[in-house]
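Trainee: Structure in structure tokens, see below.
The values are calculated or read from the model by the stated rules, or taken from the named source; none is laboratory data. Keep in mind the model is a prediction, meaning the values are calculated, not measured. Every residue, glycine as well, gets a Cβ built from its backbone with ideal geometry; the counts of neighbours run over all protein chains shown. Side chains included, ligands, DNA and RNA excluded: accessible areas come from the protein's heavy atoms. Shrake-Rupley method; radii C 1.70, N 1.55, O 1.52, S 1.80 Å.
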Amino acid sequence: MANKRVQFSHPIIPYLFIAPQMLIIAIFFIWPALQAAYLSFMLEDPWGMSREFVGLENYQYLFNSAEYLYSFGFSIVFSALVAFLSLGTALILAVKANAVLHMQSTYRVLITWVYAIAPAVAGITAYFIFNRHIGVMYDFLNSLGWQFNPEADAVDASALLILVSVWKQIPVNFVFFLAGLQGIPKAVREAAALDCANERRRFWTITFPLLAPTGFFLLVINITYAFFDTFGIIDTLTQGTPGGRTTTLVYKVYQDGFLGADLGLSSAQSVVLMLLVLSLTFVQFRFIERKIHY
Amino acid sequence: MGALKLSSIEKTYPNGHRAVRGVSLEIEPGEFLVLVGPSGCGKSTILRTIAGLEQLTGGEIHIAEERVDERLPAKRDIAMVFQNYALYPHMSVYKNMAYGLKNRGVSKEEINSKVTEAAKMLQLTDYLERKPSQLSGGQRQRVAMGRAMVRSPKLFLFDEPLSNLDARLRAEMRLEIKQLQRKLKTTSVFVTHDQVEAMTLADRLVVLNQGEIQQVGTPKEVYHQPANIFVATFLGAPAMNLFEARVTSANEMTLNDGQTIQLPAEMANRVEPGRNVTVGIRPEHLALTQNGQRPLLNFETGLSEELGTSQLLHGKIAGTDCTLNLPHFDQHSEDQLGVVFEPKHLHLFDVETGKRIDHG
């Protein structure tokens, strides 16, 4: 093991090598994070003319605000559903596509190319499809007897957001799951075919556990996606309506900070969000990864 | 009462490649049958069709008088040992062995006793809780064997199971497989391209080429009475020497350069004069003349290779490449040497068909 260390003649050289990367992290991550932490203890007027140290007042306000607590809960439910549904659907699609013998690449391309669509574009497309005046799906759902109205009904609006977010995330999961499936040695699958006649049972006892490392990686990626990258979809589709019922934590940071111009409160939310994601990632690595064999 | 019966099985792949061309075989209960041939000869395909991992495109497969070629692999009562072991990486050694039993609804106590017994026989008792990644190549191979054994199937299938091991371990495992098979008396089909494995393991040998059976027989039969030129040159290292010749009289043949060879006594008068034949003789059946012995053929000396137990002397007889396998090492500086042999060691093959011209 000791031999694996590369010895540099000059001790400064390795630091120079990582300097560009460190600089980027410092400028775009550490500096704004510290700035947010600093601002979260301040009260600033909307024009940025004066600021005043207020201690934990911003945080106290946050956790007493019903609106904030609602968006906290909404974010968690929303993220869990988006991650679960997109992982599940992608897994089914990957298993089926992997079993297809003819024109497999066609299926792969068809399922994958949604990935090329930007979240905001996906949001706008969905907006047209589900629009009250011109939307095809709007008419279709209402003709089925579902009083579908995302502009007024929080459940409908949430369902719409989840649908688009899941749809947008499936390709990424699909590609990784398919790669994971193809990474399972053929002989192992054949050995399983000799040992177990039931295909479903074989999936859960052999294929699924062998896909777990891929699944775990995707879980982390998907939760991050559901928390942060759905911003574009929310902003184009609902903007948090009706009545703030579809506001996620990230969207609320934007609303309070950029629309409400309350930098202190928005910064406090950023800090909470940061801690939340940090602890979530920690929990995932600590408890779930431990159950993964390999 | 065959343990396994293949009735003119065929396998043609969708791209038109005919991997197996009408192969028929019958295997006795308890027999150890080895399929051997160069790569692409269809030996693995035959094994995989028996296992059900490939669908037949013609013919039938019967195991213990029951037709199985339309059943699922798991319903054929066979077990297979794969080339790269194919252990389940996420399961312990115990679970690897138990998996097939568990899926067949065997009770926990019975699984436990079977796995423990197999582990004992394979010296794996101390490793039952380990994962495959924590085992050496030989141990993984044993786990794969154990996984096949515990199920007590009607048939063992081995797909080149030793080719991933290093030379020493391979020899060791070869012996172990043979002992195990003798003890369990389970009918086995073993696929290999390694002729040493084929010769040492087989009760009966099946030599295949281009999807067709070339010869079936005991290792001794196949080695000493090869049915055609392919079998003659495929088995044996270095390969059998072959010369073109023409039968010139009732008991004589002439090589390209005019040298003559006596026909073996029992072949005299059996091959009509004027016929072209291929004459074969194994390198170990050729010897150099000693103290004034009359040479039967002239040998142009080429390079020599020292093998430790013997010496390979390369050169030419009648302009054709030829190798001698001599029992001890000597320096040969002469350009020409005299070679002798016993006529009974000559093999005669038809030039056109490559088939053995037999004594009968």
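Trainee: Residue check: is B:Ile50 part of a strand (DSSP E or B), closer than 20 Å to B:Lys11 by Cα, of a type in the set (A, V, I, L, M) and assigned by the TED database to the domain that holds B:Leu165?
Mentor: So B:Ile50 fails the test.
Trainee: Could you tell me whether any residue of the range B:247-270 is under 27 Å from B:Asn164 (Cα atoms) and open to solvent by 10 Å² or more (accessible area, probe 1.4 Å)?
Mentor: no
Trainee: Then there is this: Tell me which of these A:Ala152 doesn't satisfy, since it passes every other one: (1) crowded, with 18+ Cβ neighbours inside 10 Å; (2) away from chain B (no Cβ under 14 Å).
Mentor: (1)
Trainee: Taking the range A:240-267 only, how many residues are aromatic (Phe, Trp, Tyr) and surrounded by 21 or more Cβ atoms within 10 Å (Cβ to Cβ)?
Mentor: Looking only at that region, the number is 1.
Trainee: Follow-up. If you take the residues in the range B:57-82 that are at the interface with chain A (Cβ under 7 Å from one of its Cβ atoms) and part of a loop (DSSP other than H, G, I, E, B), which one is most open to solvent (accessible area, probe 1.4 Å)?
Mentor: If we take residues in the range B:57-82 being at the interface with chain A (Cβ under 7 Å from one of its Cβ atoms) and part of a loop (DSSP other than H, G, I, E, B), then B:Leu72 is most open to solvent (accessible area, probe 1.4 Å).
Trainee: Among the residues of the range A:130-153, write down those that are among the hydrophobic types (A, V, I, L, M, F, W, C) and farther than 17 Å from A:Asp235 by Cβ.
Mentor: Residues satisfying the conditions are A:Ile134, A:Val136, A:Met137, A:Phe140, A:Leu141, A:Leu144, A:Trp146, A:Phe148, A:Ala152.
Conditions tested, residue by residue: (1) at pLDDT 85 or above; (2) under 27 Å from A:Thr214 (Cα atoms).
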{"site": "A:Pro20", "(1), (2)": "yes, no"}
{"site": "A:Asp45", "(1), (2)": "no, no"}
{"site": "A:Glu52", "(1), (2)": "no, no"}
{"site": "A:Tyr70", "(1), (2)": "yes, no"}
{"site": "A:Leu91", "(1), (2)": "yes, yes"}
{"site": "A:Val95", "(1), (2)": "yes, yes"}
{"site": "A:Gln104", "(1), (2)": "no, yes"}
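Trainee: Report yes if some residue within the range B:232-243 is within 29 Å of the chain's Cα centre (by Cα), farther than 30 Å from B:Pro38 by Cα and at pLDDT below 95; otherwise report no.
Mentor: Within the range B:232-243, the first condition is being within 29 Å of the chain's Cα centre (by Cα), and the residues that meet it are B:232-243.
If we keep only those that are farther than 30 Å from B:Pro38 by Cα as well, we get none.
Checking the range B:232-243: not a single residue is within 29 Å of the chain's Cα centre (by Cα), farther than 30 Å from B:Pro38 by Cα and at pLDDT below 95.
Trainee: Taking the options B:Glu117, B:Glu110, B:Glu54, B:Glu129, name whichever one is within 14 Å of another protein chain (Cβ to nearest Cβ), over 21 Å from B:Ser7 (Cα atoms) and acidic (Asp, Glu).
Mentor: B:Glu129
Trainee: Count, please, the residues in the range B:14-47 that happen to be assigned to a helix (DSSP H, G or I) and under 15 Å from B:Gln214 (Cβ atoms).
Mentor: Number of matching residues: 2.
Trainee: Is it true that B:Glu10 is without any contact (Cβ under 8 Å) to a residue 60 or more places away in the chain and of a type in the set (Asp, Glu)? Walk me through how you get there before you give the answer.
Mentor: Details: without any contact (Cβ under 8 Å) to a residue 60 or more places away in the chain: yes; of a type in the set (Asp, Glu): yes.
Spelling it out, B:Glu10 is indeed without any contact (Cβ under 8 Å) to a residue 60 or more places away in the chain and of a type in the set (Asp, Glu).
Trainee: Which ones in the range B:178-203 are open to solvent by 40 Å² or more (accessible area, probe 1.4 Å) and within 14 Å of B:Gly37 (Cα to Cα)?
Mentor: B:His193, B:Gln195, B:Val196, B:Met199
Trainee: Scan the range B:11-21 and tell me whether some residue there is over 26 Å from A:Ala197 (Cα atoms), more than 14 Å from every other protein chain (Cβ to nearest Cβ) and charged (D, E, K, R).
Mentor: Within the range B:11-21, one or more residues are over 26 Å from A:Ala197 (Cα atoms), more than 14 Å from every other protein chain (Cβ to nearest Cβ) and charged (D, E, K, R).
Trainee: Of the residues A:Ala226, A:Ala191, A:Ala212, A:Ala157, only one is in a helix (DSSP H, G or I), within 14 Å of chain B (Cβ to nearest Cβ) and open to solvent by less than 20 Å² (accessible area, probe 1.4 Å); which? Please lay out each step first, then the result.
Mentor: On the way: A:Ala226 fails: within 14 Å of chain B (Cβ to nearest Cβ); A:Ala212 fails: open to solvent by less than 20 Å² (accessible area, probe 1.4 Å); A:Ala157 fails: within 14 Å of chain B (Cβ to nearest Cβ).
Among A:Ala226, A:Ala191, A:Ala212, A:Ala157, only A:Ala191 is in a helix (DSSP H, G or I), within 14 Å of chain B (Cβ to nearest Cβ) and open to solvent by less than 20 Å² (accessible area, probe 1.4 Å).
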